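Structure, as structure tokens:
The values are calculated or read from the model by the stated rules, or taken from the named source; none is laboratory data. On a predicted model such as this, the values are computed, not experimentally measured, just so you know. A quick note on method: Cβ atoms are made from the backbone with ideal geometry, for glycine too, and the neighbour counts reach across all protein chains shown.
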Amino acid sequence: MAAVSVLELVRPRLVAPALAALDPGLLRAQGIRGVVIDLDNTLVAYGSADPSEEARRWVRRAREAGLRLALVTNNRTRRTRTLAGALGIPLASGWMKPSTSGLRRALAMMTTTPAETALVGDQLLTDILAGNRLGLYTILVRPIDRREFPTTRLINRTIERVLLRLLRLPPTPT
Ligand SMILES: [Mg+2]
């Protein structure tokens, strides 16, 4: 019984192939007013210094649909601050996910409640766990790039493969 509820903590509410595949108008129609977005491998390829045209287009569509946006990353560097600035999206600071402190800061910036906020991220153990702990509408997307932080690759993704199988969700491509 306990094992089942622990597993539910990492279960995304929705799985999508990519951020760009999410329809901002549909999210808005579901009552979502704000979206917390993970940066690396969700909005941009891991380590990328420039947002792609696809990322810019989605951000534009989201704004047109009336969604408020905030970024929360476990990789706070000059690069991520520059990226956030280039996209005009506030970067919420806090402890590393799965801590909820960054997400709570993001909600304060967007002035949204957990029930009207979605979280989009590419990792179960950081993004989805943090979002579920706070009661957000969690959306798991496939990582943009196969390259990522070595610890993520070696440890988190190994555990994630097991969890995805237990959740009966399709595996992350390797
Ligand atoms: Mg990520």
Could we say that Thr151 is hydroxyl-bearing (Ser, Thr, Tyr), farther than 21 Å from Leu7 by Cα and part of a helix (DSSP H, G or I) here?
yes
Are any of the residues in the stretch 80-100 in contact with a Pro (Cβ under 6 Å, 6 or more places away or on another chain), within 16 Å of the ligand (Cβ to nearest atom) and assigned to a loop (DSSP other than H, G, I, E, B)?
no
Test: Asp122 is among the charged types (D, E, K, R), surrounded by fewer than 16 Cβ atoms within 10 Å (Cβ to Cβ), in contact (Cβ under 8 Å) with a residue 40 or more places away in the chain and within 11 Å of the ligand (Cβ to nearest atom)
no
When residues of the stretch 104-119 are limited to those that are in a helix (DSSP H, G or I) and small (Gly, Ala, Ser), the one surrounded by the most Cβ atoms within 10 Å (Cβ to Cβ):
Ala106
Hits in the stretch 21-51 - residues which are within 15 Å of the ligand (Cβ to nearest atom) and either over 23 Å from Pro114 (Cα atoms) or part of a helix (DSSP H, G or I) (or both):
Asn41, Val44, Ala45, Tyr46, Gly47, Ser48, Pro51
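Report the residue count in the stretch 96-109 for those that are under 23 Å from Arg28 (Cβ atoms) and in contact with a Ser or Thr (Cβ under 7 Å, 6 or more places away or on another chain).
Of the residues in the stretch 96-109, 2 are under 23 Å from Arg28 (Cβ atoms) and in contact with a Ser or Thr (Cβ under 7 Å, 6 or more places away or on another chain).
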Looking for whichever is at pLDDT below 95 and at negative phi here; the options are Ala21, Ala49. Which one fits?
Ala49
Give the stretch 125-145 a look and list any residue that's surrounded by fewer than 20 Cβ atoms within 10 Å (Cβ to Cβ) and either within 21 Å of Leu22 (Cα to Cα) or within 10 Å of the ligand (Cβ to nearest atom) (or both), or say none.
Gly135, Arg142, Asp145
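Let's see how each residue does on (1) modelled with pLDDT of 95 or more; (2) closer than 30 Å to Ala29 by Cα; (3) among the small types (Gly, Ala, Ser):
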{"site": "Ala115", "(1), (2), (3)": "yes, yes, yes"}
{"site": "Asn132", "(1), (2), (3)": "yes, yes, no"}
{"site": "Thr152", "(1), (2), (3)": "no, no, no"}
{"site": "Leu167", "(1), (2), (3)": "no, yes, no"}
